[in-house]
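The values are calculated or read from the model by the stated rules, or taken from the named source; none is laboratory data. Small disclaimer: the values here were computed from a predicted structure and weren't measured. Cβ placement follows ideal geometry from the backbone for every residue including glycine, while neighbour counts extend to all protein chains displayed. Surface accessibility is based on the protein's heavy atoms, side chains included, excluding ligands, DNA and RNA. Shrake-Rupley method; radii C 1.70, N 1.55, O 1.52, S 1.80 Å.
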Amino acid sequence: MKPVIAVIGRPNVGKSTLFNRLIRQGKAIVIDEPGATRDRNYSDCKWLDSTFTLIDTGGFEPSSTTGILTQMREQTMLAIEEAEAIIFMMDSREGLAPADQDIVKILRATQKKVFYVVNKIDGPRHEALLTEFYRLGIEPLYPISAQHGIGVDELMNDVILSIPQ
């Protein structure tokens, strides 16, 4: 059985963009509107010589108690349980949100390997946006641009090293 890696985070942080980049096709819907991804989306993936199953999840709002956001939270929690490793994406342009801090608390309680990613670092002019995420007390942080592929190699090389083969 292939190892499972889940990509989680708040709505519109770039989860589906990273998912599509890694699977090398446009399977996941990518639009600038919350709620485009609602259920878990699975695809087999290969990175270097390793194969695994990648899960794209809907936006994770840990404090939601009603409606579609509650269902999306439940789907994300199922993906976390299923995964050997988790890629938690945050949005550098939105900054460190209270929901990000809540998600970090949930992830710290799991026994899973978690990779903390700050997305939308599209070049040197955006690197200063990374600073506030260090308040989480987590290292390493992986600055990436899912859209442009910047930093994705380093992230995925480390992810692959952490999962059973």
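Please go through the range 151-165 and pick out each residue that is outside any helix (DSSP H, G or I) and either surrounded by fewer than 16 Cβ atoms within 10 Å (Cβ to Cβ) or among the acidic types (Asp, Glu) (or both). Selection gives Pro164, Gln165.
In the range 131-150, the residue that is farthest from Gln25 (Cα to Cα) out of those that are touching a Leu at 6+ places or on another chain (Cβ under 7 Å) and not in a helix (DSSP H, G or I) is Leu141. Within the range 90-121, the residues that satisfy the criterion of being part of a loop (DSSP other than H, G, I, E, B), open to solvent by less than 60 Å² (accessible area, probe 1.4 Å) and under 15 Å from Ile144 (Cβ atoms) are Ser92, Lys120, Ile121. Applying the condition of being modelled with pLDDT of 95 or more and in contact with a Ser or Thr (Cβ under 8 Å, 6 or more places away or on another chain) to the range 122-146 and asking which residue is surrounded by the fewest Cβ atoms within 10 Å (Cβ to Cβ) yields Phe133.
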